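Q: For reference, the structure I am asking about is given below.
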There are 4 protein chains.
Amino acid sequence: ARAHSIAELRAMAARRLPDFCLEYLDGGADDELALARNRRVLDEILLLPRTLVDVSQRELAVPLFGTEIALPAVIAPTGFNGLLTHAGDRVLAEAAHAAGIPFCQSMVSTVALEDIAATGVRHWMQIYPFKDRDNLAAVVKRAEHAGCEAIVLTTDASVFGNREWDRRNYRAPMKLAWRKLLDVGLHPRWVLDVLVPHGMPRFRNLGDFLPPGMDSAKNAAAFLAAQMDTSLTWEDLRRLRDLWPRRLLVKGVLLPEDALRAQEAGADGVVVSNHGGRQLDCAPAPIETLAAVRQAVGAEMTVIVDSGFRRGSDFVKARALGADAAMSGRATLYGLAAAGAAGAARALEILRGEMERTLGLIGCARMDEVDARYVGRG
Amino acid sequence: ARAHSIAELRAMAARRLPDFCLEYLDGGADDELALARNRRVLDEILLLPRTLVDVSQRELAVPLFGTEIALPAVIAPTGFNGLLTHAGDRVLAEAAHAAGIPFCQSMVSTVALEDIAATGVRHWMQIYPFKDRDNLAAVVKRAEHAGCEAIVLTTDASVFGNREWDRRNYRAPMKLAWRKLLDVGLHPRWVLDVLVPHGMPRFRNLGDFLPPGMDSAKNAAAFLAAQMDTSLTWEDLRRLRDLWPRRLLVKGVLLPEDALRAQEAGADGVVVSNHGGRQLDCAPAPIETLAAVRQAVGAEMTVIVDSGFRRGSDFVKARALGADAAMSGRATLYGLAAAGAAGAARALEILRGEMERTLGLIGCARMDEVDARYVGRG
Amino acid sequence: ARAHSIAELRAMAARRLPDFCLEYLDGGADDELALARNRRVLDEILLLPRTLVDVSQRELAVPLFGTEIALPAVIAPTGFNGLLTHAGDRVLAEAAHAAGIPFCQSMVSTVALEDIAATGVRHWMQIYPFKDRDNLAAVVKRAEHAGCEAIVLTTDASVFGNREWDRRNYRAPMKLAWRKLLDVGLHPRWVLDVLVPHGMPRFRNLGDFLPPGMDSAKNAAAFLAAQMDTSLTWEDLRRLRDLWPRRLLVKGVLLPEDALRAQEAGADGVVVSNHGGRQLDCAPAPIETLAAVRQAVGAEMTVIVDSGFRRGSDFVKARALGADAAMSGRATLYGLAAAGAAGAARALEILRGEMERTLGLIGCARMDEVDARYVGRG
Amino acid sequence: ARAHSIAELRAMAARRLPDFCLEYLDGGADDELALARNRRVLDEILLLPRTLVDVSQRELAVPLFGTEIALPAVIAPTGFNGLLTHAGDRVLAEAAHAAGIPFCQSMVSTVALEDIAATGVRHWMQIYPFKDRDNLAAVVKRAEHAGCEAIVLTTDASVFGNREWDRRNYRAPMKLAWRKLLDVGLHPRWVLDVLVPHGMPRFRNLGDFLPPGMDSAKNAAAFLAAQMDTSLTWEDLRRLRDLWPRRLLVKGVLLPEDALRAQEAGADGVVVSNHGGRQLDCAPAPIETLAAVRQAVGAEMTVIVDSGFRRGSDFVKARALGADAAMSGRATLYGLAAAGAAGAARALEILRGEMERTLGLIGCARMDEVDARYVGRG
Ligand SMILES: Cc1cc2nc3c(=O)[nH]c(=O)nc-3n(C[C@H](O)[C@H](O)[C@H](O)COP(=O)(O)O)c2cc1C
Ligand SMILES: Cc1cc2nc3c(=O)[nH]c(=O)nc-3n(C[C@H](O)[C@H](O)[C@H](O)COP(=O)(O)O)c2cc1C
Ligand SMILES: Cc1cc2nc3c(=O)[nH]c(=O)nc-3n(C[C@H](O)[C@H](O)[C@H](O)COP(=O)(O)O)c2cc1C
Ligand SMILES: Cc1cc2nc3c(=O)[nH]c(=O)nc-3n(C[C@H](O)[C@H](O)[C@H](O)COP(=O)(O)O)c2cc1C
């Protein structure tokens, strides 16, 4: 069965995954207002089509940090991808590589960053501000040696969001509710792909943060939460800037003034994000603050946006409102969870096709020429 | 059973048609946002009634290209009408003729344009920009000989919209999914009317575009998609202008600046349309850009609008916002699909009745006197 | 069982009435947009409460044409009340009398206007502009002799609204669909109250309009529709003004300019109304044009509003926005249909109680002091 | 089972309580528009997060009348708490004490105010304006002797709101409908906790208002309604001011001008409230008039808000819009009704946790620094 949209991939993923995985993947914080808002605001943005424009040759590529990406898309960093399919991070990285876009690896991923680097993908490494700064520096060093192009410091998740789906699914830290354990048994395809051959996935990029024998996803979660350094400030960003010679992005910015601060602290870019609606439930949708962020930082800084992107047209809207590219979080994860490598590739193929079609339909032959003249609000 | 509204005709059509036909007819692109928006915006427009006006003699007729039409309505060009009832195009043309309004034939129709001309209807011919310009010129010549009043160049569908209903219904190009084939068997009335006597309908106006033996609707679709010339520009419109001596309209314009360009290129009119929500899903509703389009092109140019028109009052709103007439796409197709010739006639009778009633209720005796004073937004 | 709200009375009416009656009573035109809008706009209007005001003595009475009414309410003219309960008009008139408010009788009522006058109620007579002006003059004369205080000329229903519920319920003019006939048999309480003792109710105020033996509701409808004079103008209103020495109101005005015209033609008042959503489906809600109407005609003219009033607070909103009173259409009919005289009385008691409570809750002791300071829009 | 949100506590309460109790607790007035609006408006307020702020030490405490409270929350006065669990007021007072916030006792509570005082909680006493002023003065004296910090005069409930749930539940004053009596039998846990050991709870703070033997909740209701003095004015507030030496608040103010009047009459604070949507159904949500109220009274006066607060983030929004604190009505009652003392404590723990998390997520370390810069409207 061939999926025709990300929504269809999600439906396939819902069949293959045990509940607790799907809910982890799908869910948002609190009352899921931000989750819903992300889509609603995107849906309300209109594209204003020009007609009788030669769109026979459509060019989706745009520059990013001086080098072209095939689409204005980047794979968002997401943890625990190994739960969706075996070695999920590597599978996703390979799909990104094939599609010609960067892959941003999560710090709480389950494949070693060196293994990702080996795929040849344009490789970004996301880090969380853990308390143990020496260890963090060590991870940054590993990223440097592995040839990562960028470090992405995620700053909106140090205080953990209230995802009630997840909380309801566990009896105790990492102990599934009985009802949910039973449900796992009803998803043999997943058990055979993920659980049986390799057991519970392990974190491969936290090395020294974790006490020996604690790197299994099963044990690490509580430990990690405690490790999160909620005292981080712009000063720390400056210090990271000194440590890391290549591209540096701050992920989790929503307001123009914070984007400006990131710029002043030496960051090369920001990811305007509400973490896919998984953190602050009363947050604005990133797409609605994007234009103001671009305005604040000027044309030079790299501005990436994410949260709620499910259609190629969403990426076109992001460009029109000033983003260099948008990150794909769940959209590609649904593909990965639906059918592993084939699913991840299909997700990107769908998005690429939709972007190309959208360019054609709005009468703009080049993604890098999409601008504010192409958007309106209903 | 007598239908009292287009909605009731749609319900009857839904019973008579196999799923794959109904979904082809009903569906919109992507998430069907434009489809829903078309109706929502129309519904939100208020009519402001005057009372104690003599409306005993209501006149629905308005001038169009210097000659009167009995209602401010034109049958929209729609392809594959032969799928809904045998010789659907001719049936519809005859209904239009009887009702005193023009019939715009689709280029991908299944009755030869000469046969339509023979009905005596005020005949317009819609064309798609196919790559083979010589052939296109040949079709235009045929239209000229057949006495067509106008050529309508559709420019919003060269890149094909993403209609997921259709895509899900086929296993391979023009091969129905098994489930849907089965469903065909459950609609014997349709099978006996459409399939048995004549087989799959054939395109009659594409002649030389199609390789010999390829004019069956079953085979032609993929071929046609490939034929669409997505490189068309305003320059080509000018060339068509030189080729064609009578009325020329551009269909698929949404923005005032494009309407102006059409005017400058010598077009006599535009059809403000989002193709019934079947192409760009983030498009504005034509009815919401209509007033600005009229403002841009001035009083002289012919401006027609379509997408979502289901009630007579919708046509009155179109007039109030500056249109000369509105096109009826699905509204009349539902009638055709519900009950062939009787259904098509009934659809037009319903619309005519509703227009007349609406004029009476807003206190305006003449359709050509409806203007901006009669509309408000809720 | 004691109803606590108009909604509960409606539920009781729905049990007692055959479908075709309930649908006649409940329904609106076309897609019932105006029906829904009437409520939505009322619901969106906020009341702004003052606290610590002495509201121990609440006075609901307001002046109307120089004489007090006990509540700012008038019973709206509604035809065919005899269908809801035997002699419905008289029952309703008595309830109005007891409650201290005027009763406006419909021209297509089934009790002779002289019989209503005999109840002692403050009696208004609604007339439709029938073609036969002599006969109309005769009805007006009858109203004068019977002591009616006011003539209400309804001008928004000469062209009949498209009520699809009604249309679907009949096979032919006044011939119920079989399905609906059957349903009548399932409502014995109604059959015994309305049908058996008296047969189909007869029109008692159309006398000479109807050919002999045609005054049964069953036969008259088509005839009446044909009698409606859609050529009426402000000139005719002036002529009526000359004919009728007492209060004259125009019912069915929605725009300020028409209210002004009514004033200039010598009317004493207007009823701002969209006929309860039963005529023009794209009409504004009267409550949203009310303030502009009052502004246009100044403080002297009587302005009444209706359409959608179901709660006492709605009447308070009407006063706050400039109305002298509001008419109750369905609200009291639901009572009548639920339980005859007791139901009609209960409906008025509920409304009165809600008005009194609302005054108390907004901190305004007198209905005639409610003004714009007490309303806001959400 | 551990509840993760107030919504889950409500679900547990719904299982434990007989219908008539749940409906009493949950319900609003009339059509429950205000009830819905309270939540909708809160949900639409956005929080604008700053990132890279040191939030490792979050301080929730804020000053209230010169002394710190641990959270910007106060337990709202609610009558009949004894219906939810035995000695509900004391249980709630103890939970408030443990959480470090004030408890405002309702005048129609079922535990003597002296018993509440004995818990050591920061104790406020709410009073209703009963007609018998001497008795009211006596209650105020009792409050003074018991050491209450504040008197809260509730002014929005002298005229009783129309709660149809309640009205439908009773055959006669305090006589449950048969259907609802039966339902009581289906909730044995409640019967054993509330009814069996102690019988119907009795009012303990109305003493001399009630005729001997009339202090059972079963008999008192009608009597109380009659006792409500709807003639109260600002003059009476001034008199109360003279009587009572400590903090005085007026609860039930919605407009800035009334807040000003309260200030002029010597009140120390106002509670901006629509009584949880239980009184005037067309009232604005308090959260939408809050900023204007604060603006009117200046920085000095204490402004508390309530109605609809269910999430910690709601309290943060209240602070951002100018409130000193917000009252929790149903949120903590759901806890109480779900599981007595443990439930009440859990409700406060949930709210505290959510406030702390929200501060972390918006990047503001101190509750007393949250201000208008942190809110937007979607
Ligand atoms: C399952 C899941 C795990 C995530 N894990 C991380 C993570 O480890 N690090 C991070 O910076 N963001 C993480 N995010 C946030 C994503 O990077 C991204 O901001 C978000 O998914 C975008 O919204 P979308 O899913 O609607 O596209 C995660 C998101 C999801 C859905
Ligand atoms: C089934 C169907 C087939 C169509 N085929 C064509 C076509 O061949 N050429 C064209 O210009 N437009 C085509 N259209 C678009 C219509 O001309 C018209 O713009 C649209 O139907 C208007 O919206 P409505 O259906 O809501 O009235 C088609 C529309 C439908 C529904
Ligand atoms: C069943 C029914 C019959 C009506 N008949 C008449 C009528 O004979 N004459 C008239 O002027 N208005 C008539 N009306 C309109 C009412 O006078 C009034 O404008 C309308 O009912 C107000 O809306 P409401 O029903 O929401 O209160 C009728 C309305 C209903 C519901
Ligand atoms: C069951 C219940 C009983 C109440 N009783 C009183 C009361 O006795 N006195 C009072 O001033 N307010 C009373 N209130 C109103 C509350 O003090 C408070 O204003 C309201 O509950 C706030 O809304 P919320 O429930 O949405 O938090 C009551 C509210 C409820 C839900």
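The numbers here are math on the coordinates, done by the rules we state, and not lab data. Not measured: the values here are computed from a predicted model. Positions of Cβ are backbone-derived with ideal geometry, glycine not excepted, and every protein chain shown enters the neighbour counts.
Q: What helices does chain A have that are whole DSSP H segments, at least 24 Å long along their own axis by Cα, and with mean Kyte-Doolittle hydropathy of 0.0 or more?
A: Membrane-span-like by this criterion, though nothing is claimed about a membrane: A:330-362.
Q: Oh, and also: Near the amide H of residue A:46, under 5 Å away, which other amide H atoms are found, from residues 5 or more places off or on another chain, if H is placed in the peptide plane?
A: Here A:376, A:377, A:378 satisfy the definition.
Q: Taking the number of other C-beta atoms within 10 Å as the exposure measure, put B:356, B:300, A:144 in order starting with the fewest.
A: B:300, A:144, B:356
Q: If we hang a label 7 Å off Cα along the beta carbon direction at residue B:15, how far is it from the matching labels on the other copies, in nm, shortest first?
A: The answer, with the shortest distance listed first, is 3.3, 3.3, 4.7 nm.
Q: A follow-up question, please. For the range D:281-363, with the dipole built from +1 on Lys and Arg beta-carbon atoms and -1 on Asp and Glu ones, taken about the Cα centre, which of D:301, D:333, D:284 lies farthest toward the positive end?
A: Farthest along the dipole direction, towards plus: D:333.
Q: Still on this structure, I have one more. With +1 on each Lys and Arg Cβ and -1 on each Asp and Glu Cβ, how big is the dipole of the range C:76-166 about its Cα centre, in debye rounded to the nearest 20?
A: In total the dipole reaches around 120 debye.
Q: Kirkwood Rh over alpha-carbon pairs of the range D:1-125, then Stokes-Einstein at 37 °C and 0.692 mPa s: what D in µm² s⁻¹, rounded to an integer?
A: The estimated diffusion coefficient comes to 191 µm²/s.
Q: Where Lys and Arg each count +1 and Asp and Glu each count -1, what net charge lies around residue A:67 among other residues with Cβ under 14 Å from its Cβ?
A: Charge balance near residue A:67 sits at -2.
Q: Report the relative contact order of the range A:223-286, percent, no decimals, based on alpha-carbon pairs under 8 angstrom and at least 6 residues apart.
A: Result for the range A:223-286 is 29 percent.
Q: Scan around residue B:69 for amide H atoms under 5 Å from its own, H built in the peptide plane at 1.01 Å from N, and keep only partners 5 or more places away or cross-chain.
A: B:62, B:64
Q: Another question, if that's okay. How big is the gap, in Å, between the Cα center of the range A:243-314 and the Cα center of the range A:121-195?
A: 21
Q: Choose one answer from A:312, A:363, A:340: the residue with the largest mean-square fluctuation in a GNM of chain A with alpha-carbon springs under 10 Å.
A: Highest fluctuation among the options: A:363.
Q: Where does each of A:304, A:69 land when they are ranked from fewest to most other beta-carbon atoms within 10 angstrom?
A: In order of increasing Cβ crowding within 10 Å: A:69, A:304.
Q: Is the shape of the protein assembly as shown best called rounded, prolate or oblate, per the rule: a/c under 1.5 gives rounded, else a/b larger than b/c gives prolate, else oblate, with a ≥ b ≥ c the square roots of the Cα gyration tensor eigenvalues?
A: It is oblate, given that a/c is not under 1.5 and a/b is not larger than b/c.
Q: Can you show me the helix-derived [θ] at 222 nm for chain B, built from DSSP H runs with n ≥ 4 at -39,500 (n - 2.57) apiece and divided by the number of residues, rounded to the nearest 500.
A: Result for chain B: -13000 deg cm²/dmol, rounded to the nearest 500.
Q: Among B:35, B:266, B:107, pick out the residue whose Cα is farthest towards the positive end of the charge dipole of chain B, where Lys and Arg carry +1 and Asp and Glu carry -1 on C-beta, about the Cα centre.
A: Most positive-ward Cα: B:35.
Q: Compute the semi-axes of the equivalent ellipsoid of the range A:338-378, taking the square root of 5 times each eigenvalue of the Cα gyration tensor, and list them largest first in whole Å.
A: 27, 11, 8
Q: To continue, here is another question. Evaluate the Kirkwood expression for the hydrodynamic radius of the range D:68-183, namely the inverse of the mean inverse distance over all pairs of different C-alpha atoms, and round to one decimal in Å.
A: 15.6
Q: Shifting gears a bit: Dipole size in debye (nearest 20) for chain A around its Cα centre, Lys and Arg Cβ +1, Asp and Glu Cβ -1?
A: Value, rounded to 20: 880 debye.
Q: Sticking with this one: Might you report the magnitude of the Cβ-based charge dipole of the range B:161-204 about its Cα centre, with Lys and Arg at +1 and Asp and Glu at -1, to the nearest 20 debye?
A: Value, rounded to 20: 160 debye.
Q: Then there's this: List every residue whose amide H lies under 5 Å from the amide H of residue A:105, counting only residues 5 or more places away in sequence or on a different chain, with H placed 1.01 Å from N in the peptide plane.
A: Placed amide hydrogens put A:124, A:125, A:126 under 5 Å from residue A:105.
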